[in-house]
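Input: a single structure, listed below in structure tokens.
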Amino acid sequence: MKPLVSIVVPAYNASKTIVETLDSINNQTYKNFECCVVDDGSLDSDELYKAIEKFLGIQNFSYIRKENGGVSSARNLGASKASGEFLMFVDSDDMIAPTYIEKCLNEYQKNPDFSLVCTNVQ
């Protein structure tokens, strides 16, 4: 079975950008992933939740709301809830290429002896 990849998306006042970000995650060629949006005490939490509500109906998407503590605390909380073999972080205003996860895993399989950071994989 393919390994589960956990994706954490820290979000602060991201209601205007989050849909494109989550669309890019949902449209991955690699399908064995879970995605957790961590609302870091956004001032636009109601709008943010409404923007991502359609994704919460998809089995592998989840949402956590917390008091504002900064992007690191949001990432740490998301990471603590992750159950995947691999962990990725995607900012709430970024879009990833449809083959992003797949290419990152392929690179890791070629050379698992180093920490892999994938950015701008196309």
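The values are calculated or read from the model by the stated rules, or taken from the named source; none is laboratory data. If you're wondering where the values come from, they're calculated on a predicted model, not measured in any experiment. Don't worry about glycine lacking a Cβ; one is built from the backbone with ideal geometry, like all the others, and counts go over all protein chains shown. We work out accessible area using only protein heavy atoms, side chains counted, and drop any ligands, DNA or RNA first. Shrake-Rupley method; radii C 1.70, N 1.55, O 1.52, S 1.80 Å.
Below are the figures for this structure:
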| quantity | calculated |
| --- | --- |
| Residue selected from region 28-41 under the condition in contact with a helix residue (DSSP H, G or I) (Cβ under 8 Å, 6 or more places away or on another chain) and assigned to a loop (DSSP other than H, G, I, E, B), by the criterion surrounded by the fewest Cβ atoms within 10 Å (Cβ to Cβ) | Thr29 |
| Selection within region 1-22 - open to solvent by 20 Å² or more (accessible area, probe 1.4 Å), touching a Gly at 6+ places or on another chain (Cβ under 9 Å) and not hydrophobic (A, V, I, L, M, F, W, C) | Pro3, Tyr12 |
| The one condition in (1) touching a residue at least 24 places away in the same chain (Cβ under 8 Å); (2) surrounded by 13 or more Cβ atoms within 10 Å (Cβ to Cβ); (3) assigned to a helix (DSSP H, G or I) that Tyr49 fails to fulfil | (1) |
| Flag for Gln59 being part of a loop (DSSP other than H, G, I, E, B) and free of Cβ contacts under 8 Å to residues at least 12 places away in the same chain | yes |
| Options Ile96, Ile64, Ile25: the member that is aliphatic (A, V, I, L, M), part of a loop (DSSP other than H, G, I, E, B), open to solvent by less than 50 Å² (accessible area, probe 1.4 Å) and within 14 Å of Ile7 (Cα to Cα) | Ile96 |
| Extreme residue, modelled with the highest pLDDT, among residues of region 59-98 that are of a type in the set (A, V, I, L, M, F, W, C) and more than 19 Å from Thr17 (Cβ to Cβ) | Leu77 |
| Residue match in region 70-92 (condition: touching a helix residue (DSSP H, G or I) at 6+ places or on another chain (Cβ under 8 Å), open to solvent by less than 30 Å² (accessible area, probe 1.4 Å), hydrophobic (A, V, I, L, M, F, W, C) and part of a helix (DSSP H, G or I)) | no |
